[in-house]
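Just below is one structure, and these are the notes that go with it.
The values are calculated or read from the model by the stated rules, or taken from the named source; none is laboratory data. The shown structure was predicted, so the numbers you read here are calculated from the model rather than taken from an experiment. Heads up, the Cβs are rebuilt from the backbone with ideal geometry, glycines too, and the neighbour counts pull from every protein chain shown.
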Amino acid sequence: MAFWKDFIKTELIDIVEWLDDSSDTLVHRFVRHENEIKNGAQLIVRPGQAAVFVDQGRIADVFAPGRYDLKTENLPVLSTLLGWKHGFDSPFKAEVYFVTARRITNRKWGTKNPVMMRDADFGPVRLRAFGSYSIRVVEPDKLIAEIVGTDGHFTVDEIADQLRDMVTSRFTDALGEAKIPALDLASNYDEIGDRLIARIQPEFSAYGLELTKLLVENISLPEEVEKMLDRRTSMGVPGDLNARTQFQTAQAIEKAAGNPGGAASEGMGMGMGFAMANRMANSLGAAPAGGPPPLPAQTAFFVAVNGQQSGPHGLDALRRQVASGSLTRESLVWVQGMPAWTPAGQLPELAAIFAASPPPLP
């Protein structure tokens, strides 16, 4: 008879455990009919877990990872609450909450609205930021008492909004107090993250949580400001503007050489372009140290006189020829870069020297 009594008693022993197959569960309440746990039941707490016994709304015992026989000597607090001074053989009632003690990573945070900041380079600016953080439960009893309550299945998402708002709010304060120029923020992400952890940890500790890691992934300026920065950066790309102008002129000459059959008007336009490029290159020349820039060189023209070319003549010499009548608007002239001789009156370069002289008598 005693054998069968011991056998039945052994068969009634429970195993209290929780197999976690989720990635976001913080607290799981062990389900048992009327919360009855039999004397001698086995409690299995796996690595990354903690078990919290609650009796009538009061935290009784907290168990770390391991295997336990639920007897009077292993439940000192619960035994005191229930008045078990001499042991017990009957089932007892208690709620068992399994709490995830492992690290929960890749929780996102970000600013909902731009953060107003006074910058040394840009003045008042608006900044946006985002990143990620990791948490871990370090005081399971405090988490249940402060946040979970009687929730039988409590996930990270249920507290994610509150934690994210705490991180964002403290980030705004830390960024404003740091007074780091906007262009130097990228080199201070780690320092900003460490400063945030030190500032936020007391608030997380009030919930039994530890903020193990906080990363600032990006702090960005408004799109309009970034476009202006891109333009400012592109100004330094050309380098030596004089060399760039000479290079473009050489490309134009090569292109013109590949099309020698152009009309006279095209040749005249090309000659004007080369003359203007010549003057631009001269005007962009480097000025001597401590003195004015060099005087621009005058364009010299060859002149056709009685079937013979003369020159080259500068503008002053051509002006004297106009005054003497030896150079007229119909006189053919040529300058380096022009494909053909052209009447002098058709060149804008020489229009000024003919304006001072009266037209021929009718």
Requested in this report: Kindly establish whether residue 262 is at pLDDT below 70, of a type in the set (Gly, Ala, Ser) and part of a helix (DSSP H, G or I).
Outcome: no
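Given the condition more than 30 Å from residue 65 (Cβ to Cβ) and either crowded, with 18+ Cβ neighbours inside 10 Å or aliphatic (A, V, I, L, M) (or both), answer yes or no: does some residue in region 136-149 qualify? Steps first, please.
First, pick out the residues of region 136-149 that are more than 30 Å from residue 65 (Cβ to Cβ): none.
No - not one qualifying residue is present in region 136-149.
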Report task. Answer yes if at least one residue in region 89-106 is surrounded by 13 or more Cβ atoms within 10 Å (Cβ to Cβ), of a type in the set (Val, Ile, Thr), modelled with pLDDT of 80 or more and within 29 Å of residue 229 (Cβ to Cβ), and no otherwise. Result -> no
Requested in this report: Determine if region 53-61 includes at least one residue that is basic (Lys, Arg) and either closer than 21 Å to residue 143 by Cα or at pLDDT 55 or above (or both).
Outcome: yes
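Just checking, does region 197-217 include any residue being touching a strand residue (DSSP E or B) at 6+ places or on another chain (Cβ under 8 Å), under 15 Å from residue 123 (Cα atoms) and hydrophobic (A, V, I, L, M, F, W, C)? Don't jump to the end; show me each part of the working.
At the first step, the residues of region 197-217 found to be touching a strand residue (DSSP E or B) at 6+ places or on another chain (Cβ under 8 Å) are 197, 200-201, 204, 208-217.
Retained after the next criterion (residues that are under 15 Å from residue 123 (Cα atoms)): none.
No, because not a single residue in region 197-217 is touching a strand residue (DSSP E or B) at 6+ places or on another chain (Cβ under 8 Å), under 15 Å from residue 123 (Cα atoms) and hydrophobic (A, V, I, L, M, F, W, C).
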Requested in this report: Scan region 175-189 and give yes if some residue there is in contact (Cβ under 8 Å) with a residue 24 or more places away in the chain, in a helix (DSSP H, G or I), farther than 20 Å from residue 137 by Cβ and of a type in the set (Asp, Glu), otherwise no.
Outcome: no
Query raised in the report: Just a yes or no: is a residue in region 215-237 β-branched (Val, Ile, Thr), outside the structural domain of residue 63 (by TED's automatic domain parsing), in a strand (DSSP E or B) and surrounded by 16 or more Cβ atoms within 10 Å (Cβ to Cβ)?
Result: yes
Requested in this report: For region 111-169, please list each of the strands (runs of 3 or more DSSP E) lying entirely inside it that holds at least 3 residues being assigned by TED's automatic domain parsing to the domain that holds residue 209, closer than 20 Å to residue 215 by Cβ and in contact with a helix residue (DSSP H, G or I) (Cβ under 9 Å, 6 or more places away or on another chain).
Outcome: 123-137
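So if I check each of 336, 321, which one is modelled with pLDDT of 75 or more, more than 60 Å from the chain's Cα centre (by Cα) and either within 16 Å of residue 299 (Cα to Cα) or not small (Gly, Ala, Ser) (or both)?
Numbers: 336 fails: more than 60 Å from the chain's Cα centre (by Cα).
Answer to the check: 321.
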